[in-house]
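The values are calculated or read from the model by the stated rules, or taken from the named source; none is laboratory data. Quick caveat, the model's predicted, so the values are computed rather than measured. Note that each Cβ is placed from the backbone with ideal geometry, even for glycine, and that neighbours are counted across all protein chains shown.
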Amino acid sequence: MAKNIVELKDVHLSLQSRAGSVHILRGINLTIRHGEAIGIVGPSGSGKSTLLMIMTGLEQASSGGVRVADLDFTALDEDGLARARGENIGIVFQSFHLVPTMTALENVALPLEFSGRADARERAAEVLATVGLSHRLDHFPAQLSGGEQQRVAIARALAPNPKLLFADEPTGNLDARNGEQIMDLLFNLHKTYGATLVLVTHDKRLAERCERIVNIEDGRLDRAALELEGAA
């Protein structure tokens, strides 16, 4: 059996509000195998995006165990979590989160430069070519279509060669045609690079392209996971 790259054990997350404590995640147990493509589905407010935040170290669990890429995320401080993300994790959000005053090349090179890579711009150009944007390197986000902006965001996530690629509703701001192209690109890159893909979506049709689907409702995972034969 393949080694697990993500292990969550009895993970809870509660946040305080004026009305009192709000329980968002309630005893999550989940393992994800190295190289797997997994879809996490559920209705709005079910906790699926929060679950992604826990797995990427952008949110700390209130209790339970979180182990990602052989690192204990519950034992790391903010600097340690930031290093872990930079070395192991790529994230693609629904909103592209591009710096508007930077070109496509500069947006992709930025996190590489922060990590001290001397070949940041060369690597950025290489991965932008991989997503079909070699002709748009010097364009600013406002000069790019929504689909092109998401391709830049994907290139930025892939540039450090992450072990894990997380995509949170990556087609949510795109029309159907661009959304389909982005999903084709993500799954092709997953196969090419071998990175574990975690797709968070409310759209089961997209999730069904994964090898496995888990459903979250009211902060709890269904016990049964759907294993799909012949997944893309």
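At-a-glance table
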{"read-out": "Failed condition for His190, given (1) touching a strand residue (DSSP E or B) at 6+ places or on another chain (Cβ under 6 Å); (2) modelled with pLDDT of 95 or more; (3) not aliphatic (A, V, I, L, M)", "value": "(2)"}
{"read-out": "Candidate set from the stretch 102-118 (those that are closer than 19 Å to Val92 by Cα and among the aliphatic types (A, V, I, L, M)); member that is surrounded by the fewest Cβ atoms within 10 Å (Cβ to Cβ)", "value": "Met102"}
{"read-out": "Hits in the stretch 13-36 - residues which are farther than 20 Å from Asn88 by Cβ and part of a loop (DSSP other than H, G, I, E, B)", "value": "Arg18, Ala19"}
{"read-out": "Meets criteria (in contact (Cβ under 8 Å) with a residue 12 or more places away in the chain and under 26 Å from Thr171 (Cβ atoms)) for Phe96", "value": "yes"}
{"read-out": "Filter result (more than 18 Å from Val6 (Cβ to Cβ) and either of a type in the set (D, E, K, R) or part of a helix (DSSP H, G or I) (or both)) within the stretch 83-114", "value": "Ala104, Leu105, Glu106, Asn107, Val108, Ala109, Leu110, Pro111, Leu112, Glu113, Phe114"}
{"read-out": "Residues that are at pLDDT below 95, more than 23 Å from Arg205 (Cα to Cα) and β-branched (Val, Ile, Thr), drawn from the stretch 1-54", "value": "Val22, Ile24"}
{"read-out": "Of all residues in the stretch 37-63 being outside any loop (DSSP other than H, G, I, E, B) and either in contact with a Lys or Arg (Cβ under 6 Å, 6 or more places away or on another chain) or among the hydroxyl-bearing types (Ser, Thr, Tyr) (or both), the one that is surrounded by the most Cβ atoms within 10 Å (Cβ to Cβ)", "value": "Ile40"}
{"read-out": "Residue within the stretch 193-211 that is modelled with pLDDT of 90 or more and within 21 Å of Leu133 (Cβ to Cβ) present", "value": "yes"}
{"read-out": "So Arg85, is it surrounded by fewer than 18 Cβ atoms within 10 Å (Cβ to Cβ) and of a type outside the set (Val, Ile, Thr)", "value": "no"}
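Listed here are the residues, each with its yes/no results for (1) free of Cβ contacts under 8 Å to residues at least 60 places away in the same chain; (2) out of contact with any helix residue (DSSP H, G or I) (no Cβ under 8 Å at 6 or more places or on another chain); (3) among the aromatic types (Phe, Trp, Tyr).
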{"residue": "Leu15", "(1), (2), (3)": "yes, yes, no"}
{"residue": "Ala19", "(1), (2), (3)": "yes, yes, no"}
{"residue": "His23", "(1), (2), (3)": "no, yes, no"}
{"residue": "Asn29", "(1), (2), (3)": "no, yes, no"}
{"residue": "Ala37", "(1), (2), (3)": "no, no, no"}
{"residue": "Ile40", "(1), (2), (3)": "no, no, no"}
{"residue": "Gly47", "(1), (2), (3)": "no, yes, no"}
{"residue": "Glu59", "(1), (2), (3)": "yes, no, no"}
{"residue": "Ala69", "(1), (2), (3)": "no, no, no"}
